[in-house]
1. Given the options Pro226, Pro172, name the one that is within 20 Å of His251 (Cα to Cα) and at pLDDT below 95.
2. Is at least one residue of the range 290-301 at pLDDT below 95, surrounded by 16 or more Cβ atoms within 10 Å (Cβ to Cβ) and in contact with a Pro (Cβ under 6 Å, 6 or more places away or on another chain)?
3. In the range 216-235, which residues are exposed (fewer than 14 other Cβ atoms within 10 Å of the Cβ) and in contact with a strand residue (DSSP E or B) (Cβ under 6 Å, 6 or more places away or on another chain)?
4. Can you name the residue in the range 77-95 that is out of contact with any Lys or Arg (no Cβ under 7 Å at 6 or more places or on another chain) and part of a strand (DSSP E or B) and is also nearest to Glu33 (Cα to Cα) among such residues?
5. Might you check whether a residue that is surrounded by 19 or more Cβ atoms within 10 Å (Cβ to Cβ) and more than 30 Å from Trp54 (Cα to Cα) occurs anywhere in the range 86-101?
6. Of the residues Trp54, Trp36, only one is in contact with a His (Cβ under 8 Å, 6 or more places away or on another chain) and at negative phi; which?
7. Name the residues in the range 249-278 that are open to solvent by 40 Å² or more (accessible area, probe 1.4 Å) and more than 18 Å from Gly159 (Cα to Cα), would you?
8. Have a look at Ser123, Ser139, Ser105 and point out the one that is farther than 24 Å from Arg20 by Cβ and either touching a His at 6+ places or on another chain (Cβ under 7 Å) or modelled with pLDDT of 90 or more (or both).
Amino acid sequence: MKTSMLPTPDDLTLDEIQSRFGTDEKARQYLEEIRWPNGVVCPHCKNADQKRIWEIKENPEKKIRAGLYHCAECNKQFTVTVGTIFEDSHIPLRKWLVAWYLLCSSKKGISSLQVQRMLGLGSYRTALFMKHRIRYALSQPAFTGMLKGVVEIDETYIGGKISGKGTGGHTPNKTCVVSLVERGGNARSLVLDQVTSENLYGAIMDHVQDGSTVVTDDFMGYRNMPKIYEHKSVKHSAKEYVRKEKDFNVHTNTVESKFSLLKRGITGTFHQVSKKHLPLYLAEFDHRFNHRKATDGARTVSALKMAEGKRLTLKPLKRGAKP
């Protein structure tokens, strides 16, 4: 049985993907290295005893594909794609690798039409579903741990515009997005059906550790912040954007900068995003933001590690699917 696999370079580039992993065999070995860094693990029974797992030799005449393993514990066969978003996909693995890299390295996102053209996919729908699978992997599992320290919070509205009302603020065809950003740390973005104090406080209490400092603008919904937090605000209505205090600067510039990338991505790249699928796009932008200090390759590798245990079928995406 094979015991050594391809290395996993953190400085992975698109050129390296195309030269080193230009075949499905090499792409499969690369995914095995990422998913099973300590040796093959059966996705059915979680058996990791290498003496109880063996590789079945490829045999095209008997329709035995490369990378097939057999587990003696559960007596089942599997490949590296079983139990991941790649399972049952007819798209070659080498194209999946390029798609992951493009999504993780494109600062303002990349359109499904562009992915379709670059990868030579059969249809726009295939490219869209492919990207939704990747976004779904990035959005699962649920958030772990709490944001702490100084946490900036702000809300924005995503969607179309109504004639005579401009592009900002709430209108019936817009969806509210709230982002929470830990200074020097990670961000989390949520979709809210209604912007009320109760909903805002619920989001804060679900994701921000007690005793943290919460920084907002002077929106009225934040005025009765729970006492378990120290609340600081900047008065945008009075054109105050930064206030220097003893320990830190009070501002919401970080979260607003994050919103600017999101809006430019939706306006310039995707053009229109449905409310149903907006959480998937937020997961994509959050992942890039949370790994903003990493190289494109390292950001891609961290994303690929989230592919395990995720399945997304076409059925949930059929209704109201928009780019």
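The values are calculated or read from the model by the stated rules, or taken from the named source; none is laboratory data. For clarity, every value in this text was computed on a predicted model and none was experimentally measured. Counting neighbours? That spans all protein chains shown, and the Cβs are built from the backbone with ideal geometry, glycine included. Ligands, DNA and RNA are excluded from the accessible area calculation, which covers all protein heavy atoms including side chains. Shrake-Rupley method; radii C 1.70, N 1.55, O 1.52, S 1.80 Å.
1. Selected residue: Pro226, the only one of Pro226, Pro172 that is within 20 Å of His251 (Cα to Cα) and at pLDDT below 95.
2. For the range 290-301, residues at pLDDT below 95, surrounded by 16 or more Cβ atoms within 10 Å (Cβ to Cβ) and in contact with a Pro (Cβ under 6 Å, 6 or more places away or on another chain): absent.
3. Asp218, Glu230
4. Taking the candidates together, the pick is Phe78.
5. Within the range 86-101, one or more residues are surrounded by 19 or more Cβ atoms within 10 Å (Cβ to Cβ) and more than 30 Å from Trp54 (Cα to Cα).
6. When all the criteria are applied, what remains is Trp54.
7. Asn249, Asn253, Thr254, Ser257
8. Every option except Ser123 fails the conditions.
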